[in-house]
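Rule-based calculations on the coordinates, nothing more; no lab input. On a predicted model such as this, the values are computed, not experimentally measured, just so you know. Positions of Cβ are generated from backbone atoms using ideal geometry, with glycine treated the same way; all protein chains shown enter the neighbour counts.
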Amino acid sequence: AQSVTQLDSQVPVFEEAPVELRCNYSSSVSVYLFWYVQYPNQGLQLLLKYLSGSTLVKGINGFEAEFNKSQTSFHLRKPSVHISDTAEYFCAVSRTSGTYKYIFGTGTRLKVLA
Amino acid sequence: DARVTQTPRHKVTEMGQEVTMRCQPILGHNTVFWYRQTMMQGLELLAYFRNRAPLDDSGMPKDRFSAEMPDATLATLKIQPSEPRDSAVYFCASGLYDYEQYFGPGTRLTVT
């Protein structure tokens, strides 16, 4: 079975500062990894995904994430955040074969301060 | 810009009533997922369809919940009878490949 741990429930950061949202996973099989963003009263939007290949993945809105197999991590980063980045961010994992159910982390609430 | 649509966006109902939520997946997508989101439990997968066939509904309370895909353009989630503990936001997601999921805006259900 797979599991996902998002270590921080809330992350406050000042505007234009860098941010890292942490995600660790556990799995005995190969996985795909995802980051989603949820703005208030909206559905989840895919930020980026790691399927294979380069371990550094670039996504929308200036976000990127690095897959680290040895540390079983997939941390999300942005070099300079904006007020509009305030949202909930979810890390998710799925198997690479068989059923592709997502296992979601509990989410990290990013609050960007002026 | 293709999107998953869900209706209704908001639903308030009394305990014991039947609730039906509808989802129109993105045209051409062959996988559909139903999730429930609450503050306490986070995002929970309720059901998962591929090519309209249910693959996994282990996350769904079988006694009151049912999920179907009467055709490729419509997925439904029904609760009968509804209970206050069913109050949540219900999301539908669709994908062309199993590893892709595009979420709808959700149905916010309140059961009083």
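For chain B, the convex hull drawn through the C-alpha positions has a volume of 94 cubic angstrom per residue. Here is the tail figure for segment A:61-114: Cα pairs spaced more than 15 Å apart come to 60 percent of all pairs.
When the Cα atoms of the protein assembly as shown are aligned to their principal axes, the ranges along those axes come out at 49, 40, 33 Å in descending order. The relative contact order of chain A, computed from alpha carbon pairs under 8 Å that lie at least 6 residues apart in sequence, is 37 percent.
The alpha carbons of segment A:1-63 occupy a box of 38, 24, 24 Å along the principal axes, longest dimension given first.
Residue by residue through B:38-49, how many Cβ atoms from other chains fall within 10 Å of the Cβ on average? Show your work: numbers first, answer last.
Numbers: counts 0, 0, 0, 1, 6, 11, 1, 4, 0, 0, 4, 0.
Other-chain Cβ atoms within 10 Å of each residue's Cβ, averaged: 2.
In chain B, excluding the sites themselves, the longest stretch lacking any of the GluC sites (Glu not before Pro) that are in a DSSP loop with at most 15 other Cβ atoms within 10 Å is B:19-112. Every Cα-Cα pair of chain A was included, and the share exceeding 21 Å stands at 31 percent.
B:Pro54 sits among other residues whose Cβ lies under 14 Å from its own Cβ, and their net charge, with Lys and Arg +1 and Asp and Glu -1, is +2.
Of the beta bridges in the protein assembly as shown, as assigned by DSSP with both residues counted there, near 90 percent are antiparallel.
Dipole of chain A, Cα-centred, from +1 at each Lys and Arg C-beta and -1 at each Asp and Glu C-beta, to the nearest 20 debye?
Once rounded to the nearest 20, the dipole reads 380 debye.
Note that segment B:8-16 has calculated 3J(HN,Hα) couplings of x, 7, 9, 8, 10, 9, 8, 3, x Hz, one per residue in order, obtained from phi through the Karplus relation 6.51 cos²θ - 1.76 cosθ + 1.60 (θ = phi - 60°); glycine and proline are x. A simple rule links phi to the HN-Hα coupling: the Karplus curve 6.51 cos²θ - 1.76 cosθ + 1.60 with θ = phi - 60°, which for segment A:64-76 gives 9, 9, 10, 7, 10, 5, 5, 9, 6, 10, 8, 7, 9 Hz, with x for Gly and Pro.
Residue by residue, segment A:51-56 carries 3J(HN,Hα) couplings of 10, 5, x, 4, 7, 9 Hz when phi is fed to the Karplus relation 6.51 cos²θ - 1.76 cosθ + 1.60 (θ = phi - 60°); x denotes Gly or Pro.
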